[in-house]
Every structure is written in structure tokens, then in C-alpha cells.
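See below for the structure under consideration.
The values are calculated or read from the model by the stated rules, or taken from the named source; none is laboratory data. Every value quoted in this text rests on a predicted model; they were computed, and no experiment measured them. Positions of Cβ are backbone-derived with ideal geometry, glycine not excepted, and every protein chain shown enters the neighbour counts. Surface areas here come from the heavy atoms of the whole protein model, side chains and all, with no ligands, DNA or RNA. Shrake-Rupley method; radii C 1.70, N 1.55, O 1.52, S 1.80 Å.
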Amino acid sequence: MKPEANPKMTILSSPVGLRSIINSLVAFSIIVSSVTLLFYQGQEGQVPMVIEHEHPKMQVQMAAEHHEQLRVTEAPVPLTAELPDARKEECNWSTGRKDVMYQHWRWQPYGCDLPRFNATRLLEKLRNKRLVFVGDSLNRNQWVSLVCMVEASIPDNRLKMRVFNGSLISFKAFEYNATVDFYWSPLLVESNSDDPIVHRVEYRIIRADRIEKHANAWRDADIIIFNSYVWWRKHKADMRMKVMYGSFENGDARLEEVEMVDGFEIALKKLTEWLSENIDKNKTRIFFAGSSPTHSWASNWGGVDRNKCLNETEPIYKVGYKEADYSMMEKAMSYFGTLEQKGIRVDILNITELSDYRKDGHPTVFRKQFAPLTKEQMASPASYADCTHWCLPGVPDVWNEFLYGYLMYK
């Protein structure tokens with residue numbers, strides 16, 4: 001999808017109840033009033049907003065009810081934590097965060113509307129099918145969002161189940177014989193970071209010619225959403241990727257060091273080759289999600305860097321604001337474009353531009369990875385604030401509205 005020109009974000013009011021908000025997720029918001037006021041925040045060159053007058057107590061109460069409805073009493077599958085013994089974290093990346101305004105924005109393109117999300121229609125579309133998200137924790141973030149969006153339409157817990165199986169996490173809707181999976185493969189090809197829990201390594205190694213182990217997990221899928229950006233970003237100037245060719249078993253193993261972006265291209269090349277040789281173009285639909293931006297440098301929007309995105313409660317209003325790296329998405333589009341001559345189409349979910357504005361949408365120091373932060377850690381956002389992943393309900397819900405629109409109408 002090409003970036004929309006001059007996008008805007010809005011809140012809309014509606015008299016509908018909480019259940020229909022889940023089933024027709026038009027916004028991030030929980031609607032508590034029917035009065036809206038259109039105005040332009042600030043001066044020329046900023047994003048137009050629709051702001052809703054609300055009662056704070058009711059807003060907090062309904063947000064709590066919304067989160068409670070998204071809880072699941074079944075198998076304790078970790079949806080927001082890295083460890084498989086995490087409990088009761090299923091649909092809420094932001095437990096403990098006191099402000100809820102980040103839930104009240106929705107993406108409104110100029111000149112068109114996003115289709116209304118309908119969970120039942122999507123499940124019908126997925127009847128007898130398997131959809132798989134393949135990638136890193138940001139793709140898992142989107143998987144959690146989609147599961148939350150559809151499972152509320154299945155109130156009977158006997159008709160749904162979640163299963164944790166190493167790198168593969170599954171949501172099954174039995175009535176539809178539909179499966180929505182997430183598979184951990186942060187670098188696409190085989191690597192030393194393939195363990196879904198223990199993957200923090202001193203240096204990263206990819207195997208340039210090995211993808212089959214991962215491909216076996218998505219080979220039979222009807223819909224695949226790939227994602228792989230954040231693991232290729234440099235965290236320091238001299239960071240490089242080690243690339244292994246050959247194997248120790250055959251005695252021809254060798255290591256090379258390349259720039260991170262060159263490693264990304266090696267992985268894209270291998271993935272493209274596999275898709276070209278193995279995909280059934282008449283059966284499988286393929287997507288590649290755009291880069292999810294981080295908001296770690298507050299000075300980019302006039303804040304203080306040591307705070308990162310902590311205490312940010314509103315989006316960036318400046319039209320055309322761009323801090324995300326679009327170059328990697330362009331490389332991905334270039335590689336996937338070579339498949340078109342074989343009749344294989346890869347749609348790009350351009351989530352980058354809309355997410356770039358949302359400095360307010362991250363879990364910051366309220367994250368729940370591994371274990372809640374201590375008070376001392378929470379007091380040091382420069383070291384501990386998570387400005388990479390996203391609160392739910394939140395920004396990834398719009399990513400899934402994009403996906404829904406592609407699946408239903410394109």
C-alpha cells in the first residue's frame with residue numbers, strides 16, 4: 001500500500017455499546033459521549049483532529065470494562081510476555097498505565113475510509129483456513145491485537161482455544177475451523193536468535209542458505225504476514241551481522257561480517273527464492289508488514305531524550321512527520337517485486353506512516369516483559385522505557401484494519 005498523502009487521526013462518537021465496538025472496531029476509542037467538536041490543533045501544517053468531550057470517570061470505567069472483556073479464562077498462553085509461564089497478560093500491554101487517551105485515536109485517511117472491522121465476517125473469510133504471522137515481537141504484537149479483535153465475537157470459551165508450542169502460538173476458532181498463528185522467526189532465515197524465549201545474544205548470526213526449518217511452519221498457510229525490521233536496526237555504530245555459509249557438518253562452514261542492512265537483503269533474497277519455488281500462488285496470499293517506528297529520541301518532537309516516550313499522552317500533530325526508516329521497506333518491495341513475473345504477489349502493509357505519529361501509544365515503563373519493572377527501574381525511562389512495542393487496544397488494531405481491508409476487498 002502506498003503511503004496516503006496528508007493523513008489525519010480522529011476520534012468519532014457513536015451510541016453503540018461495547019460489544020459492537022469490538023465487533024466493528026472503527027476506532028481505538030471507547031465511546032462515552034455523542035458530542036464531537038472538529039477543530040485544528042495549533043497552527044497551520046498540523047494534523048486535523050476530531051476531539052470528543054468525555055467524562056473522565058466514565059472513560060476510565062469503560063476502559064476497565066473493555067480490558068476485562070478481552071481477558072480470557074482459558075489456557076495461560078503468554079501473549080505479552082516473553083516467558084511461557086506468564087499469567088493473565090493476554091490482551092493488555094499497558095496494565096498499570098493510568099492514562100487511556102492513547103486508545104481514543106483512530107486513523108482516518110484523506111479521500112477514503114477504512115472498512116469497518118467485522119470480526120464475524122473475518123472469521124467467515126478464514127473458515128477452513130490458516131493465517132500465520134511470521135516475524136519478531138512486533139508481529140506478535142499485531143497477532144495479539146487480531147486475536148483480541150476476533151475472540152470477543154466467540155463468547156463461548158468451549159469454541160476457542162490458544163496453544164503455546166515453542167516458536168508457534170496458535171488461536172483456534174473451532175466453529176469456523178479457523179486458525180490464527182504467530183511463528184517466531186525474527187530474522188526470517190535460521191539464526192542464533194531463533195529461540196522464542198532465550199534470544200538475547202552478544203552478536204547475531206544468520207545462516208544465509210537455511211530457511212527450511214522456519215518454512216515448514218508456514219508452508220501450508222493460506223495467508224502469511226511476514227515482518228522483519230527491528231532486528232536489523234543498528235543499536236550502536238559498529239554493530240554488524242555475522243553471516244554463516246555452509247555447515248559445520250559438511251566441514252565447509254565460514255563466517256562473514258556484513259552491515260546490518262546487507263544482512264537484511266541476504267535474508268530477503270533467501271525468502272524470495274523460497275516463495276518463488278514453493279508457494280502455491282492459487283492458494284496462499286502473502287503480506288509483508290512495513291517497519292514499525294520506535295519513539296526513543298524525544299528530541300525529535302521537542303521532548304527530552306532521557307524521558308524517551310514516557311508521559312507522552314498525545315500523538316505528534318505535525319503533518320508529514322517522518323522519523324522511521326523507510327529505506328528497508330523499499331528494499332523489501334524491490335525484492336518482492338521480482339516475484340510478480342511468476343504471478344506471485346506480495347502486498348505491503350504500509351503501517352509506518354500512521355504509526356510514526358503515535359509517540360503516545362507505547363507501554364513505556366509499564367511494560368510486562370519477563371517481570372514488572374521495579375520502582376527504581378521505572379524511575380529510569382532512558383534505560384527501561386519500552387518505546388518500541390505498542391499498548392493494546394492501540395495502534396496495532398489499525399494495522400489489522402488494513403489487513404482486514406485487503407482480505408475482504410482487495
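Solvent-accessible area per residue for segment 172-231 at a 1.4 Å probe radius, Å²?
So segment 172-231 comes to 37 Å² accessible per residue, rounded to a whole number.
The modelled label-to-label distance between N177 and K283, using points 7 Å beyond Cα along the C-beta direction, is 1.4 nm. Could you pull out which residues in segment 257-287 have an amide N less than 17 Å from a spot 7 Å beyond the Cα of K242, following the Cα-Cβ vector? Under cut-off, by backbone N: 257-260, 263-264. Spin-label model, D325/V163: points 7 Å from Cα along the beta carbon direction are separated by 3.7 nm. Between S334 and W297, residue separation times 0.36 nm minus the direct Cα-Cα distance comes to 10.4 nm.
The convex hull of the Cα atoms of segment 260-410, projected and averaged over all directions, covers 11.2 nm².
Spatially, segment 241-271 and segment 313-340 are offset by 26 Å when compared through their Cα centroids. Taken per residue, the accessible surface of segment 267-345 reaches 52 Å², heavy atoms only and a 1.4 Å probe.
Computed in the context of the full set of protein chains, the accessible area of segment 208-254 at 1.4 Å probe radius has 50% of its extent on carbon or sulfur.
Nearest 5 is fine: what % of DSSP beta bridges in segment 148-294 come out antiparallel, could you say? Among the beta bridges of segment 148-294, antiparallel pairing accounts for roughly 75 percent. Solvent-accessible surface (1.4 Å probe) assigned to V346 amounts to roughly 20 Å². Here S276 sits with roughly 30 square angstrom of accessible surface, probe radius 1.4 Å. Between I205 and S383, the modelled labels are 3.1 nm apart [label points 7 Å from Cα along Cα→Cβ].
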